[in-house]
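I have placed the structure first, in the form of structure tokens, so that the comments after it can refer back to it.
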Amino acid sequence: MTKENLEKITTPLQSLDAKDISVEEKKLLSDFMQTKGFSVATFYLRFFKNGFSVWEIIGINECKKQFLATPEIAELLLSYAGDEAQGDDKGDKGHLYTLAKSDKAGVFYDCLKRANTGLCKKFFDFMNERGMSTGTVIKRFSTDNWKEWEANGIKHCLSQFNLKPTK
């Protein structure tokens, strides 16, 4: 993959032109991306028609990390002292912040809901800025079931893809 093509792909909503890479390279890239969870249709749409949103470029794991690193968000989660009705220990500050960093499916979004301080709305706005609609955030983060390319981002996946540069 040439540096120029990689740059084009990892620029939000930019796509490759069909003649940017050879037929052989397209086939190799398509096969590789299928191992990361792409269908052939998604491959065509993302690489050659619509491009990628910011969240698709950096990945869900990075989005979660960036959101939790926001000082206001970290403060809200760190100051959460628990709720007996939800089985939390009162006074256990910081527990929810630590839990939100977990890789366990559904835990991140559940922590935002449990804090009940408008964090879900803040997260919706955060993800909207990165190209994901509120409905999709609710649906996808509730199940937290991501394809490899979605979780790690297209940039990470392409760093694993090694082709000889095109001439």
*Match the structure shown to one of the listed values [x] 111; [y] 305; [z] 136 of volume of the Cα convex hull per residue in Å³, computed from it, and give that label.*
[x]
_How many angstrom lie between the Cα centre of segment 108-147 and the Cα centre of segment 1-25?_
30 Å
_Along the Cα→Cβ direction, 7 angstrom out, place labels at residue 8 and residue 116. What is the inter-label distance in nm?_
5.2 nm
*What number, in percent, do you get for the relative contact order of the chain if the mean sequence gap of Cα pairs under 8 Å and at least 6 apart is divided by its residue count?*
30 percent
*Going down the table (19/64; 49/122; 8/147; 65/139; 8/65; 36/113), which pairs top 28 Å between alpha carbons?*
19/64; 49/122; 36/113
*What number comes out for the charge environment of residue 48, summing +1 per Lys or Arg and -1 per Asp or Glu over other residues with Cβ under 12 Å away?*
+3
*Working out 0.36 nm times the residue gap between residue 61 and residue 48, then minus their Cα-Cα distance, what length gain in nm do you get to one decimal?*
2.2 nm
*At a Förster radius of 22 Å, what calculated FRET efficiency corresponds to the Cβ-Cβ distance of residue 102 and residue 160, to the nearest 0.05?*
0.30
_For a quick check: with amide H placed at 1.01 Å from N, whose amide H comes under 5 Å from residue 52's, ignoring anything fewer than 5 positions away on the same chain?_
13, 14
_Full-extension gain between residue 125 and residue 69, please, as 0.36 nm times their residue separation minus the C-alpha to C-alpha distance._
18.6 nm
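Every number here is computed from the coordinates shown, using simple stated rules; none is lab data. This structure is a prediction, so every number in the text was calculated from the model and none was measured. No Cβ is skipped: glycine too gets one built from the backbone with ideal geometry, and neighbour counts run over all protein chains shown.
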